[in-house]
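Worksheet for the structure shown next.
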Amino acid sequence: MATNNDFGAFIEKVTISPTSTSSLPPSLQGLTFAIKDIFDVEGRVTGFGNPDWLRTHTAATSTAPVVSSLLEAGATALGITIMDEMAYSINGENAHYGTPRNPIAFDRVPGGSSSGSAVVVAARLVDFSIGTDTGGSVRVPASYCGIFGFRPSHGAVSTVGVTPMAQSFDTVGWFARDTATLKRVGCVLLQQDHLNPIEPSQLIIADDCFKLCSVPHDLLVQPLVGSVEKSFGGNTVVKEVNLGEYIEQNVPSLKHFMTSDDVTTQQELCIPSLMALSSSMRLLQRHEFKINHGAWISLVKPEFGPGISARIEEAIRTSEEKIDLCRSVKSELITALSTLLGEKGVLVIPTVPGPPPHLQANVAALESFRSRAFSLLSIAGVSGFCQVSIPLGLHENLPVSVSLVAKYGSDGFLLSLVDSLAAFI
């Protein structure tokens, strides 16, 4: 279990030494990392953030390929990290194992579901860590803990040996404090030997998305625009777009979700098309979660913490209505965003609507923030595009960030780009 000196982030400390089975040079030699409790490690029961899951499952007979590849590249694993129950939260609070302490803001949530993996990197306990991102579980804790977090294109990194949440969105992501490490890890996981810097053709700022954020627009956007100009000599086209309007016009299947409760009952500032996009994502997520875990939940009747319990009950009640429409939305969004970005365009959005919320905040009070968060997170979530969350220091003593989103399959390009920009941000 976690202890005070590890920020409550490890559920198990165990050293897994590098292996020597790879013919490739050990590109991660000397680096340490941590593993979210969702990845199989041979001889160990994968806990999935819940004691009843741990109790009713057997030890893994093999190690997840993503973990093996990091070990083969020379990295040393130092332990397994706490996660939100069944990966079903972006807060980072676990009623059973405790909440990892946010090293940047002690009275704020660390973000989830890859909470422990983000905390151990931010606390300098390891050099990097791995997590998963279905609806935001790498991007959110990266933002809240003031570190880099990378969600790859859907399917770009193997999810074999990873407990599924919702396969249409599940990805394996990673955290680091610096872009050099982020890129080195990416080269291994993406199986790319070398990534050369490539100038982006255009920087597209989703101006309407920044109106969802409590942090001043210029504080998030100007450092990024300035770093692009310094890195590439001002040749990149910088333009603003109303992303909500663009998506509404180019994703026709979204009209079936525009009248959902998530849109019509929202009283505060929102972008209706992105609210609808979030609704479609969460519906398909609930549907797939039910297929994956509904039988186990019915049989075992596990105990879940507050918030998680209600969310899982909702998933178990989900019908198949509109599921085909969810998949149509996904397909149409991929086409629409591919057209918008072109070959080497990059979309600029807030990672989340603001700084991390307070610990143990009232669920109802968080609903507006959560709704706006999923509006932003669903852009890459539904499209399957790659996204990197970039820390921008502190605003009013709390961590803030901005994100870059690139076209599906442009993971190497995005990693190289953020590495080029890092010196100037």
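Condition (residue is open to solvent by 20 Å² or more (accessible area, probe 1.4 Å), of a type outside the set (D, E), more than 30 Å from S273 (Cβ to Cβ) and more than 20 Å from the chain's Cα centre (by Cα)) applied to region 198-219: is it met by at least one residue? Yes - at least one qualifying residue is present in region 198-219. Reported count of residues in region 62-96, each being more than 15 Å from S27 (Cα to Cα), open to solvent by 30 Å² or more (accessible area, probe 1.4 Å) and either among the β-branched types (V, I, T) or free of Cβ contacts under 8 Å to residues at least 60 places away in the same chain (or both), is 1.
Would it be correct to say that P355 is buried (at least 18 other Cβ atoms within 10 Å of the Cβ), over 20 Å from T134 (Cβ atoms), under 17 Å from the mean Cα position of the chain (by Cα) and not charged (D, E, K, R)?
Judged against the criteria, P355 is a match.
If the condition is being out of contact with any Gly (no Cβ under 8 Å at 6 or more places or on another chain), part of a helix (DSSP H, G or I) and within 25 Å of Q360 (Cα to Cα), then region 280-309 contributes R286, I308, S309.
For region 371-391, state whether one or more residues are open to solvent by 10 Å² or more (accessible area, probe 1.4 Å) and either at positive phi or not assigned by the TED database to the domain that holds S280 (or both). Looking through region 371-391, at least one residue is open to solvent by 10 Å² or more (accessible area, probe 1.4 Å) and either at positive phi or not assigned by the TED database to the domain that holds S280 (or both).
In region 50-63, is there at least one residue being assigned to a strand (DSSP E or B), out of contact with any helix residue (DSSP H, G or I) (no Cβ under 7 Å at 6 or more places or on another chain) and either farther than 30 Å from P357 by Cβ or β-branched (V, I, T) (or both)? Talk me through it step by step, then tell me what you get.
So the first thing to find is which residues in region 50-63 are assigned to a strand (DSSP E or B), and the list is none.
No.
Sub-7 Å Cβ pairs linking a first residue in region 342-357 that is outside the structural domain of G149 (by the TED database) and of a type in the set (A, V, I, L, M, F, W, C) to a second residue that is surrounded by 24 or more Cβ atoms within 10 Å (Cβ to Cβ) and part of a loop (DSSP other than H, G, I, E, B), at least 6 apart or interchain, are V346/P200, ordered by first then second residue. For region 135-167, a tally of residues being assigned to a loop (DSSP other than H, G, I, E, B), among the hydroxyl-bearing types (S, T, Y) and out of contact with any Cys (no Cβ under 8 Å at 6 or more places or on another chain) returns 4.
Looking only at region 102-134, which residues are part of a loop (DSSP other than H, G, I, E, B), out of contact with any Asp or Glu (no Cβ under 7 Å at 6 or more places or on another chain) and surrounded by fewer than 24 Cβ atoms within 10 Å (Cβ to Cβ)? Correct list: P103, I104, A105, F106, D107, A123, R124, D127. Among the residues making up region 248-304, those that are open to solvent by less than 40 Å² (accessible area, probe 1.4 Å) and modelled with pLDDT under 95 are S260, V263, Q266, C270. The residue that is most open to solvent (accessible area, probe 1.4 Å), among those in region 305-336 that are polar (S, T, N, Q) and within 24 Å of V251 (Cβ to Cβ), is T335. Here V188 clears all of (1) open to solvent by 40 Å² or more (accessible area, probe 1.4 Å); (2) hydrophobic (A, V, I, L, M, F, W, C); (3) under 24 Å from the mean Cα position of the chain (by Cα) except the condition numbered (1).
Hey, which of the helices (runs of 4 or more DSSP H) in region 310-425, taking only ones fully inside, have at least 1 residues that are out of contact with any helix residue (DSSP H, G or I) (no Cβ under 6 Å at 6 or more places or on another chain) and of a type in the set (V, I, T)? Of the helices (runs of 4 or more DSSP H) lying wholly inside region 310-425, those with at least 1 residues that are out of contact with any helix residue (DSSP H, G or I) (no Cβ under 6 Å at 6 or more places or on another chain) and of a type in the set (V, I, T) span 323-341, 363-383.
All conditions in (1) farther than 22 Å from A166 by Cβ; (2) free of Cβ contacts under 8 Å to residues at least 60 places away in the same chain; (3) buried (at least 22 other Cβ atoms within 10 Å of the Cβ); (4) small (G, A, S) hold for A59, with the sole exception of (3).
Looking for whichever is over 26 Å from Q167 (Cα atoms) and among the polar types (S, T, N, Q) here; the options are S89, S17, S69. Which one fits? Quick ask: steps written out before the conclusion?
Details: S89 fails: over 26 Å from Q167 (Cα atoms); S69 fails: over 26 Å from Q167 (Cα atoms).
After ruling out the rest, the residue left standing is S17.
Which one is nearest to A105 (Cα to Cα) among residues in region 168-182 that are part of a loop (DSSP other than H, G, I, E, B) and more than 12 Å from the chain's Cα centre (by Cα)?
R177
Applying a threshold of 7 Å to beta carbon distances and a minimum spacing of six or more residues, or different chains, the list of pairs starting in region 148-163 at a residue that is open to solvent by less than 10 Å² (accessible area, probe 1.4 Å) and ending at one that is basic (K, R) reads G149/R139; R151/R139. From T171, T163, grab the single residue that is over 16 Å from S416 (Cβ atoms), in the same structural domain as I130 (by the TED database), in contact with a Pro (Cβ under 6 Å, 6 or more places away or on another chain) and modelled with pLDDT of 95 or more. Residue meeting the stated conditions: T171.
The values are calculated or read from the model by the stated rules, or taken from the named source; none is laboratory data. As the structure is a computational prediction, the values presented were derived from the model and not from experiment. Quick reminder, even Gly has a Cβ in these numbers, built from the backbone with ideal geometry, and neighbours come from all protein chains shown. Accessible surface areas use protein heavy atoms only, side chains included; no ligands, DNA or RNA. Shrake-Rupley method; radii C 1.70, N 1.55, O 1.52, S 1.80 Å.
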